[in-house]
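A short worksheet on the structure shown next.
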Amino acid sequence: TMGEAPEPSPQAPLAVLSKVELRVSCKHLLDRDTLNKSDPCVLLLMQSQGQWMEVDRSEVIKSNLNPVFAKIFTVDYYFEEVQKLRFEVYDSHGHAGVGTHDDDFLGGMECTVGQIVAQKRVTKPLFLKYGKFAGKSTITVISEEISGNNGYVELAFRAKKLDDKDLFSKSDPFLEIYRIDDDHSEQLVYRTEVVKNNLSPIWEPFKVSLNSLCSCEEKRKLRCVVWDYDSRGKHDFIGEFFTTFEEMQKAMGENKVQWDCMNPKYKLKKRNYKNSGVVVLLDLKIHRVYSFLDYIMGGCQIHFTVAIDFTASNGDPRNSCSLHYINPYQPNEYLKALVAVGEICQDYDSDKKFSALGFGARIPPKYEVSHDFAINFNPDNDECEGIQGVVESYQSCLPKIQLYGPTNVAPIISKVARVAADEERTKEASQYFILLILTDGVVTDMADTREAIVRASYLPMSIIIVGVGNADFTDMQILDGDDGVLRSPKGEPVLRDIVQFVPFREFKNASPTALAKCVLAEVPKQVVEYYSYKAFPPRCPQPDTPDSNLSSPQ
């Protein structure tokens, strides 16, 4: 779905991968108005070069402390960046627009785009200035992807003979569509415009993603409600009907589908009550294409493994010239590369545990050379808690091992490939593996490494190699199939290009984010290529589970 993206050079701006829709609602907002309730409005700010810039703002919802905003915020989404967002809620005062005075500020919340798309729904407390809680106020942000024309449905509705709710004129109807989730809660999918003074309105056609309409489940119940608009926010209920996307699809081609718009109260009271009007679906068009975010939002986890080169050519870690020297004031290149790439990946892994392996060292107790040891020295569980856990294991393992050689990376590629192969047997898009290899020299086992990469290209994994230090890395460029197709020693080509190689020195003077952008830019395309080749669709989003690690103030 991404077209041919040019090779990312450190400076080139990357093509926008996709766009994400964010929907916002709040609960228990503070009441700032003496006579009636607050009139809330949400501002979305994005951090750009350390400054918060306003991107967009929602409509104002009149006198409501639990608003569900119809406004859909759209943000460009980049996998390879940490994109910081801030939501600010204000009490608005009619003509003056939204004042940004402290006394109108109802609270703010910060998070990253990665957190929202990986969890699909984030609920956090709102904070006032200086980190004070804004009472019990919370804000919920739900993300849905829109990319090109990915899994879109286009709908055109009209109504006929609606009940008249106004004394001196006809009703001003608008239609709302709600998706009913597994926990019976309702999620607003779309709110049409208001058609003034008309009992047989024709609403503008609109597009919604299949994910947002029915979570990709055709039989999921939808509730559609017709209201008579009231400028004071007390809309009159005209009627409702229930349907499913499956039923809506009968409106393809020349057919139309119609529903009685029912008011349950009238049905009970009036003997010969038929309906409060009918709603007609005039047309429906569907488009389906899958993208990286479809897989992520379908619950595909990205599992991150780092492999660190502990060969003798790095130099004695106690010596300040060594690439493994631990300088208390300045992380070494191994740590810089690890943190830059790991920070992005951690938003996509719900348990935040990372496998950390070492190669090329003699390890305790027998001091035999190993090319795939856990740096926490736990052979049964090589996972560390978060990036910080990897950093700590790295620092504490250095004094215990003897740097040795040669630089063999095939054993580690094969080790991760075995786990990926088990995953592949599930026939589901549930886990994708990224292996980050940090090395100070050209690999010694080039033939085995090429063979291992060809095998791995058939599995749900990508390999990123960062060359640390000042060695001549010319031979490593072969592995990064950009110059031609990488082949095994027997001549078998890779199924897909899964290796990205960069020398760290090219980014020495750039920010760590530039390194992460360059090495991770290809990953989304590699994920989509793999699952498309396998013809695995995204899993349908699982029912939301409240996430515990996001409730603390950032």
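The values are calculated or read from the model by the stated rules, or taken from the named source; none is laboratory data. Just so it is clear, the model here is predicted, and its values are computed rather than measured. Note that we place each Cβ from the backbone using ideal geometry, even for glycine, and neighbour counts take in every protein chain shown. Just so you know, the surface numbers come from the protein's heavy atoms only, side chains and all, with ligands and any DNA or RNA stripped out. Shrake-Rupley method; radii C 1.70, N 1.55, O 1.52, S 1.80 Å.
Before moving on, here are some points about what is shown:
- Condition met for S200 (under 18 Å from K120 (Cβ atoms), among the small types (G, A, S) and assigned by the TED database to the domain that holds K256): no
- Residue within segment 342-362 that is of a type outside the set (G, A, S), touching a Phe, Trp or Tyr at 6+ places or on another chain (Cβ under 9 Å), open to solvent by 50 Å² or more (accessible area, probe 1.4 Å) and under 22 Å from A471 (Cβ atoms) present: yes
- Any hit, segment 302-312, residues being open to solvent by 20 Å² or more (accessible area, probe 1.4 Å) and in a loop (DSSP other than H, G, I, E, B): no
- Selection status of N376, within 19 Å of Y325 (Cα to Cα), free of Cβ contacts under 8 Å to residues at least 40 places away in the same chain, in a loop (DSSP other than H, G, I, E, B) and in the same structural domain as R450 (by the TED database): yes
- The set of residues in segment 453-466 being touching a strand residue (DSSP E or B) at 6+ places or on another chain (Cβ under 9 Å), over 14 Å from V523 (Cα atoms) and either at pLDDT 95 or above or surrounded by fewer than 24 Cβ atoms within 10 Å (Cβ to Cβ) (or both) consists of I453, V454, A456.
- Residue, farthest from P205 (Cα to Cα), within segment 255-292, restricted to residues that are in contact (Cβ under 8 Å) with a residue 24 or more places away in the chain and among the basic types (K, R): R288
- Filter result for the condition that a residue is at negative phi and surrounded by fewer than 20 Cβ atoms within 10 Å (Cβ to Cβ), over K219, K161: K219
- Check on K62, of a type outside the set (G, A, S), open to solvent by 30 Å² or more (accessible area, probe 1.4 Å) and either assigned by the TED database to the domain that holds T34 or modelled with pLDDT of 90 or more (or both): yes
- Candidates are the residues of segment 253-263 that are touching a strand residue (DSSP E or B) at 6+ places or on another chain (Cβ under 6 Å) and assigned to a loop (DSSP other than H, G, I, E, B); the one that is surrounded by the fewest Cβ atoms within 10 Å (Cβ to Cβ) is K256.
Residues checked against (1) touching a Pro at 6+ places or on another chain (Cβ under 6 Å); (2) among the polar types (S, T, N, Q):
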{"site": "K161", "(1), (2)": "no, no"}
{"site": "L167", "(1), (2)": "no, no"}
{"site": "F174", "(1), (2)": "no, no"}
{"site": "D181", "(1), (2)": "no, no"}
{"site": "Q187", "(1), (2)": "no, yes"}
{"site": "E193", "(1), (2)": "no, no"}
{"site": "W203", "(1), (2)": "no, no"}
{"site": "L210", "(1), (2)": "no, no"}
{"site": "S215", "(1), (2)": "yes, yes"}
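- Evaluating Y130 against the criteria (1) on the phi > 0 side of the Ramachandran plot; (2) touching a Cys at 6+ places or on another chain (Cβ under 6 Å) leaves one unmet condition, (2).
- Those residues of segment 228-246 which are open to solvent by less than 60 Å² (accessible area, probe 1.4 Å) and either within 23 Å of V194 (Cβ to Cβ) or without any contact (Cβ under 8 Å) to a residue 24 or more places away in the chain (or both), in sequence order: D228, D230, G233, F237, I238, G239, E240, F241, T243
- Answer residue from segment 461-485, given it is in a helix (DSSP H, G or I), under 17 Å from L436 (Cα atoms) and not hydrophobic (A, V, I, L, M, F, W, C) and is nearest to the chain's Cα centre (by Cα) among those: G481
- Taking the criterion of being open to solvent by 30 Å² or more (accessible area, probe 1.4 Å) and over 22 Å from L438 (Cβ atoms), the residues of segment 492-501 that qualify are E492, P493, L495.
Residue-wise test of (1) under 25 Å from I478 (Cβ atoms); (2) at pLDDT 95 or above; (3) open to solvent by 10 Å² or more (accessible area, probe 1.4 Å).
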position	(1), (2), (3)
L403	no, yes, yes
A421	yes, yes, yes
E424	no, no, yes
E428	no, no, yes
